[in-house]
Amino acid sequence: MAGIGFVLRNLTRQDNLMGLLAGFGYSALVATGPWLFTIMALSATLYLGGLVTNFHEQEGFRIIIIYNFAFSLVFSGPVVMVVTRYVADRIYIKDVQKVPGSLIGGLVLLFGTQAPLAGVFYFFAVDLTLVVRLHALTNYFLITGIWLAAVYITALKDYQAVIRTFLIGMAMGTVSNAFLATEYGLAGMLFGFNVGLAIIFFSLCARVFAEYPHEATQVFDFMSHFRKYWALALGGLFFNMASWVDKWIMWFSPHSTPAVGGFPSYSDYDGAMFLAYLSIVPSMATFVLSMETGFFEKYLKFYQDIQKHVSLARIMENHRAMIDSIHGSGRNFLVLQGAISLLAVLMAPQLLGWLGINFLQLSIYRLGVMGSFYHVMVLFLGIVLSYFDFRNQFLMISAVFLASNLILTTVSMKLGFAYYGYGYFGATMITFAVAFLITFKRVVDLPYHTFISQNVSVSKG
């Protein structure tokens, strides 16, 4: 994402306010990509659909999208992480001829492995009509494909085309949804929404093939990366699962009620958490614009100078500059995200009242905002570790996140409604503490790890 980040950063350096606003606006949309657009489109769709459909149809649509969004993200995590590394390696060595083939191979692998799981669920685990089942499966595969395609578009510098694709797709999906819902109910809502997702998915794929105009050969060449980067694949699975496990547990809480079709669900908890996640959008934009671009420049200089066999003094100077960049960006993030999170917590009653949301979600929302604060910091520290190829450490952090969220959410659920949300909040705090200590130690000792622990010739000797 650093590539597109440099282009967006140039916007903010224009000598006008519009350039600054455009830079932050585009970076927010690029950084949050499918997640933010899906939430926006889902909200607009439910609002418009509410004018022409009944409550049960709206509820059925909402729960299908949430399930597809959650499980496609979790189960695609290992493939997405490994393909990301594969594409990054190909770009680094300036040999991108196999990149188009990796997209096809990745899609085949994702669809082939997830089709049995999604098929069994929709045809045997829930009670839906045949037409709705088919549209729900189509929706699942489209969302899964977008997760993988997003890997490739973050390496592109044409941010306007990326944003335009998402805007057009979601607009078409929202309009088609409302139009078809009038006549066909839930099936029409899903079909209309799938129209928008299909526009996004196929447009992104076309953009990738246009950017890398090479014959799609050796489509499964990336599979060898699973053997070498198994920790990265497992870390991606654990981290995505950790982000959702508290919702899964709360779907079976005493206060939850089965949704249409027999889906386990707890809409109050899900709604509060999704709203809380929106508080991190500004920090995601800042990360793309400043931290990852500024840090990436220092990161490149550190390793490029090592390859040039510069003096130890120069290496240590570059190391200090890189640490200073991380500290500076981290400090700016704490100030920005801390202020936003504090404001979101203090203004929660007014915000929920303005949106017409049940005040029973107030406590969950506040805990979700505070948990999201630590969650996004864990994400950033994980990205920093990934830059330095500390895969086992990333896996350890992801495992801590998953275990702590699983245990603490289960405990908070058993303690009763007053404690709902404390599990996620506590898990993110614990995970951040672990991630911070690991990252701090590794970055401080980076010269040692570069020349000794990660040196292949030394390890073999």
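Quick note: the coordinates plus some simple rules give every number you see, no bench work behind them. What you see is a predicted model; the values in this text were computed from it and never measured. In this analysis, Cβ positions are derived from the backbone assuming ideal geometry, glycine residues included, and neighbour counts consider all displayed protein chains.
Taking θ = phi - 60°, what integer Hz values does the Karplus form 6.51 cos²θ - 1.76 cosθ + 1.60 yield along segment 406-419, in sequence order, with x for Gly and Pro?
Taking θ as phi minus 60°, the curve returns 5, 6, 5, 5, 4, 5, 5, 5, 5, 6, x, 4, 4, 9 Hz for segment 406-419.
³J(HN,Hα) across segment 53-58 via Karplus (A = 6.51, B = -1.76, C = 1.60, θ = phi - 60°), whole Hz, x for Gly/Pro?
Along segment 53-58, the couplings run 10, 8, 4, 5, 5, 5 Hz.
If the cut-off is a Cα-Cα distance under 12 Å, which aspartates and glutamates reach residue 308, setting aside same-chain residues fewer than 8 apart in sequence?
Here the aspartates and glutamates satisfying the reach criterion relative to residue 308 do not exist.
Multiply the residue gap between residue 360 and residue 320 by 0.36 nm, knock off their C-alpha separation, and tell me the result in nm, one decimal place.
Residue separation times 0.36 nm, minus the Cα-Cα distance, leaves 9.5 nm.
In nanometres, what is the gap between the two model label sites at residue 414 and residue 226, each 7 Å from Cα along Cα-to-Cβ?
Between residue 414 and residue 226, the label points sit 3.7 nm apart.
For labels at residue 217 and residue 331 in the simple 7 Å Cα→Cβ model, what's the distance in nm?
Taking the simple label geometry, residue 217 and residue 331 are separated by 5.3 nm.
Compute the distance in nm between two label points, each set 7 Å from the Cα along the Cα-to-Cβ direction, one at residue 134 and one at residue 117.
Between residue 134 and residue 117, the simple spin-label model gives 2.5 nm.
What is the magnitude of the charge dipole of segment 276-446 about its Cα centre, with +1 placed on the Cβ of each Lys and Arg, -1 on the Cβ of each Asp and Glu, and no other charges, expressed in debye to the nearest 20?
Numbers: 11 positive and 7 negative charges, 33 e Å.
Roughly 160 debye for segment 276-446.
Please order 81, 172, 189 by the number of other Cβ within 10 Å, starting at the fewest. It would help to have the intermediate numbers written out before the result.
Values: 81 26, 172 19, 189 31.
Fewest-to-most Cβ neighbours within 10 Å comes out as 172, 81, 189.
Expressed in nm to one decimal, what extension gain is obtained for the pair residue 127 and residue 312 from 0.36 nm per residue of sequence separation less their Cα-Cα distance?
Here the segment from residue 127 to residue 312 would lengthen by 59.9 nm.
What does the extension gain come out to for residue 54 and residue 96, with contour length at 0.36 nm per residue minus their alpha carbon separation? Before the final figure, lay out the partial values.
On the way: separation 42, 0.36 × 42 = 15.12 nm, distance 5.00 nm.
Length difference between fully extended and current span is 10.1 nm.
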